[in-house]
Amino acid sequence: MRITERMLKEWVSIPQNVLEITNQKIIEVDSFGPLNTATKLVVGHVLTCEDHPNSDHLHVTTVDLGDRVDQIVCGASNVAKDQYVIVAQVGTVLPGDFAIKATKIRGVESNGMICSLQELGLDDKYIPAAFKDGIFAFAEPKEIGKPGLEALALEGWVMELDLTPNRGDLLSVLGFAYDLASMTGQKINLPQYKISETEKTNPIKIEINTDGCGRYYARHFESLTVKESPWWIKSALLANDMKPINNVVDISNYVLLEYGTPLHMFDAKKVGTNHILVRDAKDGEKVISLDEEERILNPLDVVITNTKEVIAIGGVMGLLNTMIDEKTTSVILEAAYFDPKRILQTSKRLNLRSESSLRFERGIDDERVLLGLERATELLIELADAKVSKNVNHCIHHEVINPEITVSKDYFNEKLGISLSEKELTSYFDAYNYQYKVNKDSFIIQAPSYRKDILIKADLLEEIARMYGLDNIPMHTIDQEAAGKLTFKQKRLRGLRHHLANLGLNEIISYSLIAPIDVHRYQNLGEPVSVLMPLSEDKKTLRQSLVHGLLETISYNQSRQQSNVAIFEMGNCFAKDLETLHLGIAFSGAWHKNPWNKVSFKPDFHILKGLLDSIFNPINIYFSYVPTNHIESYHPYRQANVVYQDKVIGQIAELHPLETKKLGIDTTVVVDIDLAPLLEQHQKTLYQPISKYPNVERDLAIVVDSHVNADDLIQMIKQTAKKNLVKIDVFDVYTGSHIEEGKKSIAFSLVFNDVDKTLENEDVEQLMKKITNRLTFSYQATIRN
């Protein structure tokens, strides 16, 4: 938002240190400087204009500058006698550091220059066609010798504000004036509008059938003349990078800058009826907007209709079917309040962003809507010769009321570390135009209607700090030293990261948002959560698994000839009322290679399982793995649930061949587990010395039904041998000759030890007998010699 000195001084007395006050107490300033850098420009009156004696295109003029008459040679084809023009005198410096000097042009003295708008620094796209190829001349007589920039309404400074999304109230000169007045002890006096109505009653009937429109005002005008705007309006628009169009359109844009109230004008004859109906759009409803593009609407859009057809997309853009043109003589002027969220959704989806939609999105002052309408009415009467019908017709569907906020009397002093009396605090409230009640121990405060961002106690605290001055808040050191240390969770996560990195894996950070269709592709944590206004449809829903990002990273690398990928990620996954930290690991291609021996090591399902155990077993975390086939994107015979303390915390799997083909990647194995139960500190890890007695090793081969899982057998062996079994591994699984059909042979390596004595052969044989008896009883296992 740009604030010009010329517009601001209509509302408030401007202090000399306005830049300092704005930067320190209102909002950060992006830039500050003169609206136009030209110097010593004056209004001149062309007394004579003769052809140059030595040129076929130059003219010799005499120009009255008020205090003298100068001779100026001019090359513009449109220069003429009796014009009122802008003259750059000798010594003038134009934009671009172009200095004007006395000179001779083809033998004729020239003391200055009659200026074009380009020479005054205006952009070609904003210059009216009549002045594009020549000098600028005023349409009416001007005071001779008057400063040129003042005559062009280009005098004074311009300040560009770096607005934050919450300060929608500063998107107008009046809004900034309110804040500046608060900081400088002034009050804004709203003007009395000079409106002369005809005897004809406003015929417009208004009806609102949507929650997307809070209130709607309309005036009716006749005998309106569409013509060029006066220069003071043009210059205000140009200072804000708005192109002047005609008086009718320019008035609505000027009021937008002045009051922050978006307006829209309909050609009343094209509307066709006197009944305005505001409603939700119908799904698939098609309209042609002012930019001549077809727009397809949905029920989240608010539309203005004549009860039969749509005539505007509420708060976003008008339509071609009711556009103002040079033949327009009667107008319906609209001023309304639309729901910010609805306007944001519509403008974003249709890619229709405008100065009006920006203000509706940030939230306009619904009580200022009528003021903007009346200001525009005054200007239409003055500048377009409009005849306005009696009365402002309106409909109020609902009001937007700022909340009452209760704060204790010592809240501000405690939080800011300052000492303000109750009288000083209430003076701040008055300066901000707050409504408030003073109770015994608290204040009840309500912000004015133009401050939609004051919703909670912290917002009020910020306002008091601004008024007091952030530079005035004392700095205090913390008296008590805080012992810095990592929590158990932080230590464990750091340890996991270091361990995985030391194993040669690279950590990644992937997007948390994915396409809605893929949310349950690899994991189902519950009801999905989607953002209301996504940047794109493929980044709309919060992930429920880290596998999406891991596979996307593998695909990205392998498509760029990086075939060997070993990565991990720690990140949150989401469902409704759930947010939990996960660990994801993925391998594709070779993990380690020895080029000299031409040997490479490619991880598979079992390698990844062993890796997971090697990471967590040393910290006393043991998983069991239960085969499953419920995730279609994984290989049906190479996927398992990861179980910890009888609860499924994730999956380990090889990707389905069809899935790898679809993604264009090599064979890939992944694991995704919930870290939450692994980050709880149940008990301290106890360390024991290595036993001084020798281990005893035994092999055990048994034949069981083919459906029996090796893990079930391992758990039973552990339960039976208890503390004497220090290690167990499966070293062979066999089916084939000498094994009955429907059976399989599983061979285990068992290591026994006793910390108190040397195990005798009889002790070990007794343990082996217990193990075989239980396996035989529970699984009908037979011992294989």
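The values are calculated or read from the model by the stated rules, or taken from the named source; none is laboratory data. Since the structure is predicted, the reported quantities are computational estimates derived from the model, not experimental observations. Positions of Cβ are generated from backbone atoms using ideal geometry, with glycine treated the same way; all protein chains shown enter the neighbour counts. Side chains included, ligands, DNA and RNA excluded: accessible areas come from the protein's heavy atoms. Shrake-Rupley method; radii C 1.70, N 1.55, O 1.52, S 1.80 Å.
Miscellaneous remarks
- In the range 116-145, residue surrounded by the fewest Cβ atoms within 10 Å (Cβ to Cβ) [restricted to those that are within 17 Å of Leu41 (Cβ to Cβ) and of a type in the set (D, E, K, R)]: Glu143
- Qualifying positions in the range 256-286 - surrounded by fewer than 20 Cβ atoms within 10 Å (Cβ to Cβ), assigned to a helix (DSSP H, G or I) and touching a residue at least 60 places away in the same chain (Cβ under 8 Å): Lys269
- The set of residues in the range 60-115 being open to solvent by 60 Å² or more (accessible area, probe 1.4 Å) and in contact (Cβ under 8 Å) with a residue 60 or more places away in the chain consists of Asp67 alone.
- Residue tally, condition among the charged types (D, E, K, R) and open to solvent by less than 20 Å² (accessible area, probe 1.4 Å), over the range 224-254: 2
- Qualifying helices (runs of 4 or more DSSP H) (wholly inside the range 399-491; at least 3 residues being within 30 Å of Arg359 (Cα to Cα)): 422-431, 457-468
- Single unsatisfied condition, Thr39 versus (1) closer than 30 Å to Leu8 by Cβ; (2) open to solvent by 70 Å² or more (accessible area, probe 1.4 Å); (3) in a loop (DSSP other than H, G, I, E, B): (2)
- Selection within the range 157-196 - small (Gly, Ala, Ser), buried (at least 19 other Cβ atoms within 10 Å of the Cβ) and outside any helix (DSSP H, G or I): Ser172
- Condition met for Leu47 (out of contact with any His (no Cβ under 6 Å at 6 or more places or on another chain) and open to solvent by 50 Å² or more (accessible area, probe 1.4 Å)): yes
Listed here are the residues, each with its yes/no results for (1) buried (at least 18 other Cβ atoms within 10 Å of the Cβ); (2) at pLDDT below 95; (3) on the phi < 0 side of the Ramachandran plot.
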residue	(1), (2), (3)
Ile445	yes, no, yes
Lys452	yes, yes, yes
Asn472	no, yes, yes
His476	no, yes, yes
Glu481	no, yes, yes
Leu493	yes, yes, yes
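Let's see how each residue does on (1) closer than 17 Å to Glu697 by Cβ; (2) free of Cβ contacts under 8 Å to residues at least 60 places away in the same chain; (3) not in a strand (DSSP E or B):
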{"residue": "Asp732", "(1), (2), (3)": "yes, yes, no"}
{"residue": "Ser737", "(1), (2), (3)": "no, yes, yes"}
{"residue": "Glu741", "(1), (2), (3)": "no, yes, yes"}
{"residue": "Lys744", "(1), (2), (3)": "no, yes, no"}
{"residue": "Asp763", "(1), (2), (3)": "yes, yes, yes"}
{"residue": "Leu767", "(1), (2), (3)": "yes, yes, yes"}
{"residue": "Ile771", "(1), (2), (3)": "yes, no, yes"}
{"residue": "Thr776", "(1), (2), (3)": "no, yes, yes"}
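- Checking Gly148 against (1) open to solvent by 30 Å² or more (accessible area, probe 1.4 Å); (2) in contact (Cβ under 8 Å) with a residue 40 or more places away in the chain; (3) under 21 Å from Trp231 (Cα atoms), the condition it does not meet: (1)
- With respect to (1) in contact (Cβ under 8 Å) with a residue 12 or more places away in the chain; (2) more than 30 Å from Gln558 (Cα to Cα); (3) assigned to a loop (DSSP other than H, G, I, E, B); (4) open to solvent by 40 Å² or more (accessible area, probe 1.4 Å), the lone exception for Asp666 is condition (2).
- Test: residue in the range 202-223 that is of a type in the set (A, V, I, L, M, F, W, C), open to solvent by 10 Å² or more (accessible area, probe 1.4 Å) and not in a loop (DSSP other than H, G, I, E, B): yes
- If only residues of the range 351-364 that are among the aliphatic types (A, V, I, L, M) and part of a loop (DSSP other than H, G, I, E, B) are counted, the one that is surrounded by the fewest Cβ atoms within 10 Å (Cβ to Cβ) is Leu352.
- Some residue of the range 673-695 being on the phi > 0 side of the Ramachandran plot and either touching a helix residue (DSSP H, G or I) at 6+ places or on another chain (Cβ under 9 Å) or not in a helix (DSSP H, G or I) (or both): no
- Residues of the range 513-538 classified as among the polar types (S, T, N, Q), outside any strand (DSSP E or B) and at pLDDT 90 or above, total: 2
- Among residues of the range 300-350 being aliphatic (A, V, I, L, M) and part of a loop (DSSP other than H, G, I, E, B), the one that is most open to solvent (accessible area, probe 1.4 Å) is Leu300.
- Residue match in the range 378-393 (condition: open to solvent by 30 Å² or more (accessible area, probe 1.4 Å), under 19 Å from Tyr178 (Cβ atoms) and not in a helix (DSSP H, G or I)): no
- A search for C-beta distances below 8 Å between a residue of the range 554-572 that is aromatic (Phe, Trp, Tyr) and any residue that is in a strand (DSSP E or B), counting only pairs 6+ apart in sequence or on different chains, returns Phe568/Asn506; Phe568/Glu507; Phe568/Leu583; Phe568/Gly584; Phe568/Ile585; Phe568/Ala586.
- Cβ pairs under 7 Å, 6+ apart, first in the range 589-601 and hydrophobic (A, V, I, L, M, F, W, C), second part of a loop (DSSP other than H, G, I, E, B): Ala590/Asn564; Ala590/Lys602; Trp591/Gly504; Trp591/Lys602; Trp591/Pro603; Phe601/Ala590; Phe601/Trp591
- Filter result for Val703 (within 28 Å of Ala640 (Cα to Cα), within 57 Å of the chain's Cα centre (by Cα) and either free of Cβ contacts under 8 Å to residues at least 40 places away in the same chain or open to solvent by less than 90 Å² (accessible area, probe 1.4 Å) (or both)): no
- Of all residues making up the range 750-776, the number that are closer than 17 Å to Asp711 by Cα and open to solvent by 30 Å² or more (accessible area, probe 1.4 Å): 2
- Filter result (among the acidic types (Asp, Glu) and either in contact with an Asp or Glu (Cβ under 7 Å, 6 or more places away or on another chain) or open to solvent by less than 80 Å² (accessible area, probe 1.4 Å) (or both)) within the range 1-23: Glu5
- Restricting attention to the range 24-33 and to residues that are open to solvent by 70 Å² or more (accessible area, probe 1.4 Å) and touching a strand residue (DSSP E or B) at 6+ places or on another chain (Cβ under 6 Å), the residue that is farthest from Lys234 (Cα to Cα) turns out to be Asp30.
- Counting only residues that are closer than 22 Å to Asp250 by Cβ and exposed (fewer than 14 other Cβ atoms within 10 Å of the Cβ), the range 287-299 holds 2 of them.
- Near pairs, Cβ below 6 angstrom, 6+ apart or cross-chain, from the range 676-688 (open to solvent by 100 Å² or more (accessible area, probe 1.4 Å)) to any residue that is at pLDDT 75 or above: Gln681/Phe488
- Screening Pro627 against (1) in contact with a His (Cβ under 9 Å, 6 or more places away or on another chain); (2) surrounded by 12 or more Cβ atoms within 10 Å (Cβ to Cβ) leaves a single unmet condition, (1).
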